[in-house]
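Scroll down for the structure; my scribbles are underneath it.
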Amino acid sequence: MKKLMYSAFALLLFVSVSACRETQADKTEDAMEDVGDDIQDAADDAGDAIEDAADDAGDAIEDGTDEMTDDNM
């Protein structure tokens with residue numbers, strides 16, 4: 001009877017430890033989500049940089065046009 005109880009406790013301990021362990025699929029899913037977030041952040045940064053460059057180019061064109069207009073007057 002003592003062996004049966006020890007076996008049952010050992011089995012319960014094993015099940016409780018292995019049931020709470022993170023699986024490889026969980027780790028892979030977490031890594032994929034992290035990569036997706038990193039890609040989204042990089043795309044947002046690139047979009048912001050392009051928008052800033054376009055604004056700067058537009059301002060430069062506007063300034064150049066203003067200078068040309070002022071020179072012709």
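What follows is calculated from the coordinates using simple rules that are stated; it is not laboratory data. Note that the structure is predicted; figures quoted are calculated from it, not measured. Neighbour counts run over all protein chains shown; Cβ positions are idealised from the backbone, glycine included.
Among the conditions (1) outside any helix (DSSP H, G or I); (2) surrounded by 10 or more Cβ atoms within 10 Å (Cβ to Cβ), the only one that Glu22 does not satisfy is (2).
Residues in region 1-19 that are surrounded by 10 or more Cβ atoms within 10 Å (Cβ to Cβ) and of a type in the set (A, V, I, L, M): Ala8, Ala10, Leu11, Leu12, Leu13, Val15.
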